[in-house]
Amino acid sequence: GQNIDQPTEMTATEGAIVQINCTYQTSGFNGLFWYQQHAGEAPTFLSYNVLDGLEEKGRFSSFLSRSKGYSYLLLKELQMKDSASYLCAVREDSNYQLIWGAGTKLIIKP
Amino acid sequence: DSGVTQTPKHLITATGQRVTLRCSPRSGDLSVYWYQQSLDQGLQFLIQYYNGEERAKGNILERFSAQQFPDLHSELNLSSLELGDSALYFCASSPWTGDDTEAFFGQGTRLTVV
C-alpha cells in the first residue's frame, strides 16, 4: 500500500534549526516534494528531490535516501513566519500522481 | 500569486444542495488537479485532468464530478452535499502530466455545508 508518515506537530525556537522527517512506502518512486502551507492558504513549493543526497536552497535544505524511503526538511535560522504546516509528497512512477503526507505543523516560539 | 485562479473563495450552502467550483490554470498549463483538505487534515487527491481528458482518479466520491473544458479551465461539481463535505478545495496546475516541475496551487475555495 501507499503510506507517507510525518510527525503531526513540532515546536522550535526562533533562530534555531529544526528537522522535519518524512518516511514513505509507495509502489513506485519518481521524486519527493516538500511544500509549505500557512493556515487557510494554498501550499507553496519548497523543494524537490529525486536523487539521493542533500539539496540546499537558502535557509531550507532537503535530504533524500531512496533505499531507506526517507527524507527530511531542514530549516535553519528559524523565523516566526516559518510557523506553518510542512507537507511531504511522493510522486509514484506509475501514474505520476502525488501521494501526500498529512503534514507537520511547525510552531515557532520566540 | 501562483497564477491559478479559483472561484468562489468562499461558499456556504445547505445539505442536499449542489455547487460548482471553478479553476483557471496558469497560462499554458495542461494539467489540472483537484484536492480536498478537511480541517487539520492532509491533502486528499480527488481527480486529475490533462488537456481535457481525465487522467487519474483518487478518493473522489460518486456525488462529485469534474471536467476540463477546451480552454483548459476546470470545474468540480459537488452534489447531494453533506456536512462532511465542508472543506477547502484546492485546484493545482502543472505544464505536463509527468515532468519534474511542481504543481502550482490556487488559493482554494472554502466550502461550508450547513
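The values are calculated or read from the model by the stated rules, or taken from the named source; none is laboratory data. Predicted model, so just to flag it, every value in this text is computed and none were measured. We place every Cβ from the backbone using ideal geometry, glycine too, and count neighbours over all the protein chains shown. Keep in mind that these areas ignore ligands, DNA and RNA; they rest on the heavy atoms of the full protein, side chains included. Shrake-Rupley method; radii C 1.70, N 1.55, O 1.52, S 1.80 Å.
Things to note:
To keep it simple, each residue is scored yes or no on (1) within 17 Å of A:Gly103 (Cβ to Cβ); (2) touching a helix residue (DSSP H, G or I) at 6+ places or on another chain (Cβ under 9 Å); (3) surrounded by fewer than 19 Cβ atoms within 10 Å (Cβ to Cβ).
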residue	(1), (2), (3)
A:Met10	yes, no, yes
A:Glu14	no, yes, yes
A:Gln19	yes, no, yes
A:Gln25	no, no, yes
A:Ser47	yes, no, no
A:Leu51	no, no, yes
A:Glu56	no, no, yes
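- The range A:76-100, subset away from every other protein chain (no Cβ under 14 Å) and closer than 22 Å to B:Gln37 by Cβ, residue most open to solvent (accessible area, probe 1.4 Å): A:Lys81
- Any hit, the range B:90-113, residues being more than 12 Å from every other protein chain (Cβ to nearest Cβ), modelled with pLDDT of 95 or more and over 21 Å from A:Gln37 (Cβ atoms): yes
- Residue in the range B:1-25 that is modelled with the lowest pLDDT, counting only those that are farther than 23 Å from B:Gly84 by Cβ and open to solvent by less than 60 Å² (accessible area, probe 1.4 Å): B:Ser2
- Subset of the range B:47-75 that is crowded, with 22+ Cβ neighbours inside 10 Å and in contact with a Gly (Cβ under 9 Å, 6 or more places away or on another chain) - its residue that is farthest from the other protein chains (Cβ to nearest Cβ): B:Gln68
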